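Below: the structure, in structure tokens.
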Amino acid sequence: MIIVMKAGATKRERDEVIKKIKEFGYKPHIIHGTTRDVIGAVGDERGKVILQSIEFMQGVESVVPILKPYKLASREVKKETSIIKISDDVAIGDKDIIVIAGPCAVESEEQIIEVAIAVKKAGAKVLRGGAFKPRTSPYAFQGMKEDGLRLLANAREVTGLPIVTEVVNPETAELVAEYADILQIGTRNAQNFELLKKLGQMKKPVLLKRGMSMTIQELLMSAEYIMSEGNQSVILCERGIRTFETATRNTLDLSAIPVLKQKTHLPVVVDPSHATGNYQYVAPMAFAAIAAGADGLIIEVHPDPEHAFSDGPQSLTPKKFTSMMEKLKLFAEAADRSL
Ligand code: PEP
Ligand code: MN
């Protein structure tokens, strides 16, 4: 249920409502709107009619059921797009298109520092780099783990760029959170509900990638797992899905962008690198994503893609990334956004 507070409702009235929601055995989630607050009451669907009586409390405008299976992620609960603050000068979901860039995996100090400086110069606002790598083969490079996290923190120190890196299991989540500014959930873990719940109990923003065989509704249900535990800072990522097509690594579902924009207030970023698997297709798909309404991009950049430990074929060189960023400005402007 959504409890819509009156525009001039006081904090006391709101606190009383929160108390009542808890008394009924539901979990309150306050969502601050521009003109009024709404409180989502989530919990067991079966007994929710009991919440209807809150309508008669002071300061309450109305109590309405949330029709969608995802509640806190739904636009029904919050009309305006959520702006997820990453650092003092970076937020995702606002007018600025945020470009996240960096290598698939952190490989060495020289590599990550070189890429970080180059992508920053080209206009990226966040540095990416995997330290814990979920690989299809157990024999493939698994990441530098905590050493990789330390190198990412060094790169942040040098460039000022906040960092996003993947969390592969609940056991190492706290460790990753000590270093990262954004916690990434990869496609292979997008329905690892214990991991989703764990990140929901933490305070850091989460970049949630769409599972490669997940429907849009399932993606939103995964976001709901994080949000229902208390963490509202979720950024969704379309990174391509499995189809019958083999010419590209995955199929970038561009239509997911306007669909998500209609269904949820959460910001949406697009990963054209994993979607296509080929550096030659990255820039066109990045432009298309912005045209379709994405709030940001996440792009793999490597100083020497041929010798990359992972995902070399889809990685842009710093030079190619820089020229893509120049053209991207025009697409951002056409979409009434800034870069
Ligand atoms: C990654 O970002 O390097 C990654 C492993 O992505 P995905 O989970 O989308 O495959
Ligand atoms: Mn990768």
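Using R₀ = 56 Å, calculate the FRET efficiency as 1/(1 + (r/R₀)^6) where r is the Cβ-Cβ separation of His32 and Tyr139; round to 0.05. Mind dumping the intermediate values first?
Working: r = 49 Å, r/R0 = 0.87.
E between His32 and Tyr139, to the nearest 0.05, is 0.70.
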For Lys11, counting only aspartates and glutamates whose alpha-carbon sits under 19 Å away and dropping same-chain residues fewer than eight positions off, the answer is Glu23, Asp37, Glu55, Glu61
Dividing the mean separation of Cα pairs under 8 Å (6+ apart) by the residue count of segment 1-123 yields a relative contact order in percent of 24 percent
Length gained, Lys79-Glu174, 0.36 nm per residue minus C-alpha separation, equals 31.0 nm
Trypsin sites (Lys or Arg not before Pro) in segment 138-222 lying in a DSSP loop, each with at most 11 other Cβ atoms within 10 Å of its Cβ, come to Lys203
Zone reached by a paramagnetic label modelled 7 Å from Glu306 Cα along Cα→Cβ, restricted to segment 251-295 with backbone N below 11 Å, covers none
Rounded to the nearest 500, the 222 nm mean residue ellipticity computed for the chain from DSSP H runs (n ≥ 4, each -39500 (n - 2.57)) alone is -10000 deg cm²/dmol
Taking 0.36 nm per residue of separation between Glu109 and Ala291 and subtracting their Cα-Cα distance, the length gained on full extension comes to 62.0 nm
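Normalised by the number of residues in the chain, what is the relative contact order in percent for Cα pairs under 8 Å and 6+ residues apart? All intermediate terms of the calculation are to be shown ahead of the outcome.
Details: 728 pairs, mean separation 53.8, N = 339.
Averaging sequence separation for qualifying contacts and normalising by length gives 16 percent for the chain.
I'd like the FRET efficiency for Thr243 and Gln280, computed as 1/(1 + (r/R0)^6) with the beta carbon distance as r and R0 of 25 Å, rounded to 0.05.
Working: r = 19 Å, r/R0 = 0.78.
Taking R0 as 25 Å, the efficiency between Thr243 and Gln280 is 0.80.
Plugging the Kirkwood radius over Cα pairs into Stokes-Einstein for the chain, at a temperature of 37 °C and a viscosity of 0.692 mPa s, what D comes out in µm²/s?
It diffuses with D of about 159 µm²/s by this estimate.
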Mean separation of Cα contacts under 8 Å (at least 6 apart) over the residue count of segment 2-64, i.e. the relative contact order in percent, is 48 percent
Helix 318-334: inclination vs the chain longest Cα principal axis, degrees, rounded to 10, gives 40 degrees
Rounded to the nearest Å, the spacing of the alpha-carbon centers of segment 139-177 and segment 190-246 is 19 Å
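All of the numbers you see were taken from the coordinates with simple rules; none came from a lab. These numbers were taken from a predicted model, which means no experiment stands behind them. Positions of Cβ are generated from backbone atoms using ideal geometry, with glycine treated the same way; all protein chains shown enter the neighbour counts.
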